[in-house]
Amino acid sequence: MMSSEIVLQTFNLGKKYRHRWAVREANLLVHRGEIFGFLGPNGAGKSTTIRMLLTLIRPTTGRVEFFQKNVLMHRADVLSRLGGLVERADFYLYLSGRRNLESIAALGGNISKKEIDEVLHLVGLAKRADDRVKTYSHGMKQRLGIAQALLRQPEFIVLDEPTTGLDPQGIKEVRELIGRLSAERGITVFLSSHLLSEIEQVATNMAVIHRGEIIVQGKVGELLNDGDTVVRLIARPMDYTKRVLARLSFVKRVVAQGDELQVTIGNTDSSLLSSMLMKSGIEIATITPLRSLEQYFLSITEGASDVD
């Protein structure tokens, strides 16, 4: 369950490599219980930010606080409450999933067989726990990686592109697992992804990073109800429809795709569009909002400044 308690906050966080800022003035705010989506294209600065959060690299500017503690000043205490799957998980392929987790648990200590069984059940690998990892699908290996991150019962878990390379079934399994981590365990999840649909379907809150800068942050539902809407329009006659659309001041963009048009309008202009087309004698076969995070992302990144 989400609360007002802040579990992660960054203050003007930045990382510079020579003359290039990989991340600049990033101010993130994550509350307990959220599934927080960290969205951006490859190369936007997501992984660099995550490495700073987990103290894998030191920031050039700013600081990171978990549980209102500076992560560099209280590193051991803070990291003991975190879990993470950064990039892909590596395992001993000739060992079973269970034996891999037992080997990892032995390094950390105080992790019982019961706790290992619990995380294997949570990630859906209980029935395959004693099979060798080399027989696992890519999706199963990703879920085993998440199980590894859950061994120490973290309050906050970072998942960096957890569905990369997965087939649709594997993506579905990981997405459902993320939901269970939040709903059943109360774990706050920080989910980094370039997959727009993944964030839209799973996350409660999100931030968008573009060229190293956080350009928007907030609740997914509220952000999707802000800005422009893209409408899928099939109408006849097509050429006349295009001419009418070109005259409408609230129509911002028209893109032809086969026998349909994708029309960008203001968020509240859908009914006005229908009315104006019908008044012009146009026969409307289909008019459907395509409002999604993909259109939202494209709209807010257009014209965003480069990072020097």
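Below 25 Å, Cα to Cα, which lysines can Lys113 reach? Residues fewer than 8 away in the same chain don't count.
Lys127, Lys134, Lys141
Beta carbons within 10 angstrom, averaged per residue: use that to sort the peptides 68-74, 201-207, 50-56, 121-127, highest first. Working shown, then result.
Details: 68-74: 14.1, 201-207: 21.0, 50-56: 19.4, 121-127: 16.7.
Most protected by this proxy first, the peptides run 201-207, 50-56, 121-127, 68-74.
Of the trypsin sites (Lys or Arg not before Pro) in region 1-44, which ones lie in a loop per DSSP and count no more than 13 other C-beta atoms within 10 Å?
Within region 1-44, the qualifying trypsin sites (Lys or Arg not before Pro) (loop, at most 13 other Cβ atoms within 10 Å) are Arg18.
For mean projected area of the Cα convex hull in nm², pick the label among (1) 16.9; (2) 19.0; (3) 22.5 that corresponds to the value derived from the coordinates.
Only one option fits the structure, namely (2).
What are the equivalent ellipsoid semi-axes of region 228-301, built from the alpha-carbon gyration tensor (square roots of five times its eigenvalues), in whole angstrom, biggest first?
20, 13, 11
Using DSSP, restrict attention to beta bridges with both residues in region 6-221 and report what percent are antiparallel, rounded to the nearest 5. Before the final figure, lay out the partial values.
Values: 21 of 39 bridges.
If I count the DSSP bridges inside region 6-221, around 55 percent turn out antiparallel.
Would you mind computing, in nm to one decimal, how far apart the modelled labels at Val254 and Tyr17 are, each placed 7 Å from Cα along Cα→Cβ?
Computed distance between label sites Val254 and Tyr17 equals 4.5 nm.
If you bin every alpha carbon distance in region 4-84 into 10 Å steps from zero, what whole percent lands in each bin?
P(r) over region 4-84, rounded to whole percents: 18, 53, 27, 3.
What do the square roots of 5 times the Cα gyration tensor eigenvalues come to for region 114-261, in whole Å, largest first, as semi-axes of the equivalent ellipsoid?
Here the semi-axes work out to 42, 19, 12 Å.
Only the coordinates and a few stated rules stand behind these numbers; no lab work does. Owing to the predicted nature of the structure, the values given are computational and were not obtained by experimental measurement. Glycine also receives a Cβ, built like all others from the backbone with ideal geometry; neighbour counts cover every protein chain displayed.
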